[in-house]
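Working notes for the structure below.
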Amino acid sequence: MGHATSPPPAWMENPAIKPLGSENLLLRGATLKNTEKIFGVAIYTGMETKMALNYQSKSQKRSAVEKSMNAFLIVYLCILISKALINTVLKYVWQSEPFRDEPWYNQKTESERQRNLFLKAFTDFLAFMVLFNYIIPVSMYVTVEMQKFLGSYFITWDEDMFDEETGEGPLVNTSDLNEELGQVEYIFTDKTGTLTENNMEFKECCIEGHVYVPHVICNGQVLPESSGIDMIDSSPSVNGREREELFFRALCLCHTVQVKDDDSVDGPRKSPDGGKSCVYISSSPDEVALVEGVQRLGFTYLRLKDNYMEILNRENHIERFELLEILSFDSVRRRMSVIVKSATGEIYLFCKGADSSIFPRVIEGKVDQIRARVERNAVEGLRTLCVAYKRLIQEEYEGICKLLQAAKVALQDREKKLAEAYEQIEKDLTLLGATAVEDRLQEKAADTIEALQKAGIKVWVLTGDKMETAAATCYACKLFRRNTQLLELTTKRIEEQSLHDVLFELSKTVLRHSGTLTRDNLSGLSADMQDYGLIIDGAALSLIMKPREDGSSGNYRELFLEICRSCSAVLCCRMAPLQKAQIVKLIKFSKEHPITLAIGDGANDVSMILEAHVGIGVIGKEGRQAARNSDYAIPKFKHLKKMLLVHGHFYYIRISELVQYFFYKNVCFIFPQFLYQFFCGFSQQTLYDTAYLTLYNISFTSLPILLYSLMEQHVGIDVLKRDPTLYRDVAKNALLRWRVFIYWTLLGLFDALVFFFGAYFVFENTTVTSNGQIFGNWTFGTLVFTVMVFTVTLKLALDTHYWTWINHFVIWGSLLFYVVFSLLWGGVIWPFLNYQRMYYVFIQMLSSGPAWLAIVLLVTVSLLPDVLKKVLCRQLWPTATERVQQNGCAQPRDRDSEFTPLASLQSPGYQSTCPSAAWYSSHSQQVTLTAWKEKVSTEPPPTLGGSRHHCSSIPSHSCPRSRVGMLV
Amino acid sequence: MAMNYNAKDEVDGGPPCAPGGTAKTRRPDNTAFKQQRLPAWQPILTAGTVLPIFFIIGLIFIPIGIGIFVTSNNIREIEGNVFMYYGLSNFYQNHRRYVKSRDDSQLNGDSSALLNPSKECEPYRRNEDKPIAPCGAIANSMFNDTLELFLIGNDSYPIPIALKKKGIAWWTDKNVKFRNPPGGDNLEERFKGTTKPVNWLKPVYMLDSDPDNNGFINEDFIVWMRTAALPTFRKLYRLIERKSDLHPTLPAGRYSLNVTYNYPVHYFDGRKRMILSTISWMGGKNPFLGIAYIAVGSISFLLGVVLLVINHKYRNSSNTADITI
């Protein structure tokens, strides 16, 4: 990294101070051209390198599942310690009688006898800890990591998320957050490039109130005669004509577009103007659109050569302007300027920027007309920019130069000083006109947003655009509906009333309905009620976030959050990048601690992507910064739907079962050991053989759960996509709540009791072989272990809803492996072992009838309560998912009666008057099936062959709960 | 866990991957596995599917339970072979210190282990500077009472009942796991250099006169060496074989049991028992399994009925709800 300077001697003689800025930066891979050598300064080294900085800034994101996992782990740690403590205490109580501590048949060694009592107690405690340590499922962490790592491949492999156009598929940058995708409650989305295509198209420009529209474009190709101008207004005066040309020149000059002269490039932006083909490249697609648009209006930007910008004017003359300064764009100022010197020696400052940043600096021009036009365009969802200029005389320019130079060479606060300098320079402008650029919505953006909202996710749009533009986009993508009541919390309103009043008024409006809202939430029909949309702008937000002087700092924030919670959609416009992150943080740390997801495509979204629980980058046109810093990257916004509703849902279901199951199976595993201590004099005798202890988690029960956690689909992919409401079933970490966790633990305890005491009563004081021979303690342990392996594996089998051949293979294979292993392990005298305790134990056990009967009985008893619980819950309190599971089975049977005359009764306008009809489409469809099943003949009504789409708007007024279960 | 960070991504701001050849390679395969569309059986546990299972469990378990129960109760009749057990209670054969106090290599006839037993045998490893064979607490505490059974006839002497010593240990234990140390015919010679366990009256090579039941392969010894699972246990002592089909093995009459008392149990508050039992296909008398089977079967059946009622009732209510639409 360095800065190319003039040859050394000149520099030595004439020490001039030169600024080094980002434009001098040579990044890795730069090549040296046209010079022998350069002097360079190495900057951003060590901990300041991009890699190191990124490493720091990317804080460790942990998913909600992981957090509950850790909480459960602490509980189990407490259980472990208390178990060990209880046993240690009981041991010493029990041993207080000497004949128990050291009966004649079981004497201690001399050194054991002489050991200090406390030391003995402590070693006993540790020994119990070692004995019971399997209750802490260490292998769970390994399995979880494997599941996450392998599972994330399903995202990258997903064909539905592959974009043909760009040839990009989804990227997974971290696999730690897969399940978090199923827990999202808030989505913060960027607008430009995320909701919209970021494929800018110059729509019109307005010069002093006259509107110019370039000719229509066909399939991206401008028609040959497109250089004409449509005059909407009357033709301008001579003065107007001058202004008009100045405006075009301004657009031609005020940008940072680069021209790529390359005939061989077959990029999409080929210049239409005959002869030379050139491609415009810029970091901002708006600029490219503007330059191209102006080209269609007659002014072509040719190139920047030797600091001279060349443009081709309408008369095909080349005009050259010397580029003196570029006051580059930044998102705080929201404008940029250039200072150029024309061939005639006049110096101009052209400034281009957002209307809000231009209008206050304008002293001349037809402000009102242009403002009206800008607002109209904004309402239509167009991106508007205003152009202004100022003529500078030489002295002024020199002053500016000095100012800028001083700011640029400042070593401290350079940015701040530059901003101040810019502020001084860009003032007293003359307004020339405004431009409008259209950014089309991304394909299926509306559909995606609708689905996400149905899934119970609140979608917030955070954009730097102006309010009207953003609001129009929000309407277009159905974030706001026709019946959404918009609440505005904008600078304009705050200027009229105080922030305090506005906030309280809004909260009153919102809360008036909250009573009815909560009631309706129960029946899941809240959408029927008035829903609110909030619009807030950056300035108002910073007012809310600003801590009060009188100490009531959190007050407004709370109120604001209260309002936001009641709104189905929130639009934040005029946001600076950091404010985006601020908003995310605000929601993230609000009292419910919701899971947030941020999605964006540009560098300005990186901060919020990093801040949110899950950051998703759209692989877009504005570089790959967002995609790189994100946790997941997708090619298009529409892929978010499948990402959350399908992949997220699956991952969550899978990993929560994985976590609960692991705790369960380790309780089953270790609790019998605990119980056995009561029967072996608290001597830390293991119930199972060492091989079983070691292999239980590693091989006997590991693969089925791993494969379950990779393959499980409790409902089909298509069902999940079709019915986004199912996402609500897993919201708020539903499957890892304490209640569920306690259920699993109790189930484990019950099963362990069954295993142990079942085996105990079978063995107690009797013979269980047909030849009268007796079994020992290892057979007892092996019986318990066998029952356990079968129960635990079959429990998983009962939970599996998606049996591919892999599941069959792994589940039955594991059981088979257990049997084969046991046969082998007990079938041979292993020379490397110094004990042969398992020799023929398993085989002898299998030769005993009662052992077989006991295995069958105990496995049945262990599984029975769980099955009963499942069936009863499904029957009495079914979740939406469970209903769909059952209905999914019933569907093929009813297919013939799917299109019933009921559909034709539907008035076409119904949907607009009652938006909730579509909401419950899948349910209502089901209603029809069930209610008409018996009446409708198997023959489909001939008139309704093509009315498939009608069924989505069948009215349904009754509670959805009452409709289910028909098909049981 | 970072992954899939390929070099192409490094180029900042570069044009997104050129179309054409690369696009084809990056396109994910359309295989059923990768698209998570493998054909699958999708069972759901509903009342409808579970109901029959409950009934089936009930219908299968109850008869099995009754069968077991009857078999178990019939065991008292002294027909067929009779098995003689001794029982100890409050004896912790499953104490960890006790369980591990043995050397399986020594018992397997390993000559180096014979003279240098495992450390696990402490404090029953050496005595008077000689290695103990068999070493360890288990062997040391071997049950050494002698039980003899006599039929007291109407008039004369008590007639001794023939008690068979062999066949009480697992075949694999006797023939594979337990081996005498190698050497000549003389068993004493083979155990040379070792001493008897402290509590034993006789050395290991004098346990029985039958060379096939002496030393480590003495079946009483092998039986004892299989540590019991619970503190109250029984071990097989002798077999009383049925002589002919015509006579019962132990005909009705008065019997006397002669116990040569060597084994102290009072110290640890223990009890000794002697059990005579016949064996069915499912072992000795144990009502537990039978009762458990009957209970589980009945509960399952009952649950099936309850579920049926719930299911039926529920279906009705949902029907009426549907009609109101």
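A short reminder: the numbers here are calculations on the coordinates, not readings from a lab. What you see is a predicted model; the values in this text were computed from it and never measured. Note: ideal-geometry Cβ built from the backbone for every residue, glycine included; neighbour counts use all protein chains shown.
Using Cα atoms only, what is the angle between the long axis of helix B:287-323 and the major principal axis of chain B, expressed in degrees (0 to 90) to the nearest 10?
Roughly 20 degrees, rounded to the nearest 10.
Under the rule of at least 5 residues apart or a separate chain, name every residue whose amide H is placed under 5 Å from the amide H of residue B:103.
B:135
Taking Cα pairs under 8 Å and at least six residues apart, what relative contact order does segment B:81-219 come out at, in percent? Don't skip to the end; give the middle numbers.
Values: 197 pairs, mean separation 33.8, N = 139.
24 percent.
What is the magnitude of the charge dipole of segment B:222-297 about its Cα centre, with +1 placed on the Cβ of each Lys and Arg, -1 on the Cβ of each Asp and Glu, and no other charges, expressed in debye to the nearest 20? Please list the in-between numbers first.
Details: 11 positive and 3 negative charges, 31 e Å.
For this selection, approximately 140 debye.
In nm, to one decimal, how far is the modelled label at residue A:757 from the one at residue B:210, with both set 7 Å along Cα→Cβ?
With each label point 7 Å from Cα toward Cβ, the separation is 4.3 nm.
Quick check: the angle from helix B:47-73's long axis to the longest principal axis of chain B, C-alpha only, nearest 10 degrees?
Result, in degrees: 10.
Exposure proxy check: B:41, B:200 ranked by fewest other beta carbons within 10 Å?
Details: B:41 12, B:200 18.
Ranked by crowding around the Cβ, least crowded first: B:41, B:200.
For a bin width of 10 Å, list the pair-distance distribution of segment A:58-214 built from all Cα-Cα distances, rounded to whole %.
Result, from short to long distances: 8, 19, 18, 13, 12, 11, 7, 5, 3, 2, 2, 0 percent.
I'd like the Karplus ³J(HN,Hα) series for segment A:315-323: coefficients 6.51, -1.76, 1.60, θ = phi - 60°, whole numbers in Hz, and an x wherever there's a Gly or Pro.
Once rounded to whole Hz, the list reads 8, 6, 8, 8, 9, 10, 10, 7, 7.
What is the Cα centroid distance between segment A:641-684 and segment A:397-427, reported in whole angstrom?
Using only Cα atoms to place each centre, the spacing works out to 64 Å.
Normalising by the residue count of segment A:274-346, find the relative contact order in percent from Cα pairs under 8 Å and 6+ residues apart.
Relative CO of segment A:274-346 lands at 17 percent.
What residue among A:677, A:709, A:694 has its Cα farthest toward the positive end of the dipole of segment A:592-717, where the charges are +1 on Lys, Arg and -1 on Asp, Glu, each on the Cβ?
Of the listed residues, the answer is A:709.
Test of understanding: ordering A:41, A:762 by Cβ neighbours within 10 Å, fewest first, what list do you get?
By the 10 Å Cβ count, ascending: A:41, A:762.
List the GluC sites (Glu not before Pro) within segment A:575-623 that DSSP assigns to loop and that have no more than 12 neighbouring Cβ atoms inside 10 Å.
Numbers: sites: A:592, A:611, A:622; in loops: A:592, A:622.
Passing sites in segment A:575-623 are A:592.
Between B:110, B:155, B:245, find the one with the highest GNM mean-square fluctuation for chain B; connect C-alpha pairs within less than 10 Å.
Answer for the Gaussian network model of chain B: B:155.
Only four residue types carry charge here, +1 at the Cβ of Lys and Arg and -1 at the Cβ of Asp and Glu. Report the dipole size of segment A:332-424 about the Cα centre in Debye, rounded to the nearest 20. Each step should come with its number before you reach the end.
Details: 18 positive and 13 negative charges, 54 e Å.
Dipole about the Cα centre, nearest 20: 260 debye.
Run the count for segment B:172-288, please: Lys pairs, Cα-Cα under 17 angstrom, 8 or more apart or on different chains. Mind dumping the intermediate values first?
Details: B:174/B:235; B:192/B:202; B:235/B:272; B:235/B:285.
Qualifying lysine pairs in segment B:172-288: 4.
How would A:571, A:32 line up from fewest to most surrounding beta-carbon atoms within 10 angstrom?
Numbers: A:571 26, A:32 11.
Final ranking by Cβ density, sparse to dense: A:32, A:571.
Using just the helices of chain B, give the 222 nm mean residue ellipticity in deg cm²/dmol: DSSP H runs with n ≥ 4 each add -39,500 (n - 2.57), and the total is spread over all residues, rounded to 500. Intermediate results must be reported in sequence, preceding the final value.
Numbers: 9 runs with 98 residues, N = 325.
Taking each H run of at least 4 residues, the total per residue is -9000 deg cm²/dmol.
Based on alpha-carbon centroids, what's the gap between segment A:767-814 and segment A:557-628 in Å, whole number please?
Centre-to-centre (Cα) distance: 50 Å.
Could you go through segment A:291-300 in sequence order and give the Karplus-derived ³J(HN,Hα) for each residue, using 6.51 cos²θ - 1.76 cosθ + 1.60 with θ = phi - 60°, rounded to whole Hz, and x for Gly and Pro?
Listing the rounded values in order: 4, 5, x, 5, 4, 5, 8, x, 10, 10 Hz.
If you put +1 on each Lys and Arg Cβ and -1 on each Asp and Glu Cβ, how big is the dipole of segment A:659-795 around its Cα centre, in Debye rounded to 20?
Working: 8 positive and 7 negative charges, 101 e Å.
Charge dipole of segment A:659-795: 480 debye, to the nearest 20.
Once amide H atoms are placed 1.01 Å from N in the peptide plane, what residues at a sequence separation of 5 or more from residue A:211, or on another chain, have their amide H within under 5 Å of its amide H?
Those qualifying (amide H under 5 Å, at least 5 residues apart or on another chain) are A:232, A:233.
Work out the charge dipole of segment B:21-137 with +1 on the Cβ of Lys and Arg and -1 on the Cβ of Asp and Glu about the Cα centre, then indicate which of B:137, B:109, B:51 is farthest towards its positive end.
B:51
Just going by the charge dipole of segment B:144-243, with Lys and Arg at +1 and Asp and Glu at -1 on Cβ, which of B:227, B:160, B:180 is farthest out on the positive end?
B:227
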